[in-house]
Amino acid sequence: SKRKAVIPGPAEHPLQYNYTFWYSRRTPSHPTSSQSYEQNIKQIITFASVEQFWRFYSHMVCPGDLTGHSDFHLFKEGIKPMWEDDANKNGGKWIIQLWKGLASPCWENLILAMLGEQFMVGEEICGAVVFVRFQEFYIWNKTASDQATTARIRDTLQQVLNLPPNTIMEYKTHTDSIKMPGRLGPQRLLFQ
Amino acid sequence: GTRIMYDRKFLLECKNSPIAR
């Protein structure tokens, strides 16, 4: 790639990984092929430090203020927010469904935990997604079959998001998402 | 190797730093 490498500026606090924000709009009436999905998803910005993140994020629209079929994605640089990416093809995601009004504060807490390496699952985290319309968040990891990792991600989410009682959570492998692209399935976890 | 970790409180403090604006 000819793009200039993003590095932390002087006196800035570097992050463990560079991250890229992406934005996409869903077209609900048409089933989405991976090709049209890729065309529909746009890179916004890549950052390498805490300060670069805030310079962008402070001016960004909050998920709670957006309407319609929009997703924001925040992924490690080099990982596309697509099932087909090498980092994602054996992976899965936690789905967290929230009540209206909680989307913006929870999204911020989720991404701060990710940027600050609070999950402590090595290289496993790929990125996070907020789907505005359904007030849903997803956190994607590399290895869906690694139950110790997925349990640890769940426990960290519960801590850092301070999830209210009756929050619905479900883990779904990307393979299952491809086969059954609907939303939440029958196996849900309710935090009490 | 060492991982660069930041807690939420620290990250929020950085938000107000002059170089983050």
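The values are calculated or read from the model by the stated rules, or taken from the named source; none is laboratory data. Please read all numbers here as calculations on a predicted model, not as lab measurements. So basically every Cβ, Gly included, is an ideal-geometry build from the backbone, and we count neighbours across all protein chains shown.
Please indicate, with yes or no, whether at least one residue in the range A:135-144 is within 17 Å of A:H73 (Cα to Cα), surrounded by fewer than 18 Cβ atoms within 10 Å (Cβ to Cβ), free of Cβ contacts under 8 Å to residues at least 60 places away in the same chain and within 15 Å of the chain's Cα centre (by Cα).
Applying the first criterion (within 17 Å of A:H73 (Cα to Cα)) to the range A:135-144 yields A:135-142.
This time we only want the ones that are surrounded by fewer than 18 Cβ atoms within 10 Å (Cβ to Cβ), so: none.
No: zero hits.
Residue by residue, here is whether (1) among the hydrophobic types (A, V, I, L, M, F, W, C); (2) out of contact with any Leu (no Cβ under 7 Å at 6 or more places or on another chain) holds:
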site: A:K89; (1), (2): no, yes
site: A:I96; (1), (2): yes, no
site: A:G101; (1), (2): no, yes
site: A:C106; (1), (2): yes, no
site: A:I111; (1), (2): yes, no
site: A:V129; (1), (2): yes, yes
site: A:V132; (1), (2): yes, no
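Could you list, in sequence order, the residues of the range A:147-172 that are away from every other protein chain (no Cβ under 14 Å), crowded, with 18+ Cβ neighbours inside 10 Å and in a helix (DSSP H, G or I)?
Once the filter is applied, which keeps residues that are away from every other protein chain (no Cβ under 14 Å), crowded, with 18+ Cβ neighbours inside 10 Å and in a helix (DSSP H, G or I), the range A:147-172 yields A:T149, A:T150, A:I153.
Looking only at the range A:107-123, which residues are buried (at least 19 other Cβ atoms within 10 Å of the Cβ) and either touching a Pro at 6+ places or on another chain (Cβ under 8 Å) or acidic (D, E) (or both)?
A:W107
In the range B:1-20, how many are facing chain A (nearest Cβ under 7 Å) and in a loop (DSSP other than H, G, I, E, B)?
Number of matching residues: 6.
Run A:I125 past the list (1) away from every other protein chain (no Cβ under 14 Å); (2) modelled with pLDDT of 95 or more; (3) under 28 Å from A:S58 (Cα atoms) and report the number of the one that doesn't hold.
All conditions pass for A:I125, except number (1).
Could you look through the range A:123-141, keep only residues that are touching a Ser or Thr at 6+ places or on another chain (Cβ under 8 Å) and assigned to a loop (DSSP other than H, G, I, E, B), and pick out the one that is farthest from A:N166 (Cα to Cα)?
Here the answer is A:E124.
Mind checking which residues of the range A:96-128 are among the charged types (D, E, K, R) and on the phi > 0 side of the Ramachandran plot?
So the first thing to find is which residues in the range A:96-128 are among the charged types (D, E, K, R), and the list is A:100, A:108, A:117, A:123-124.
Hit for the range A:96-128 is A:E117, nothing else.
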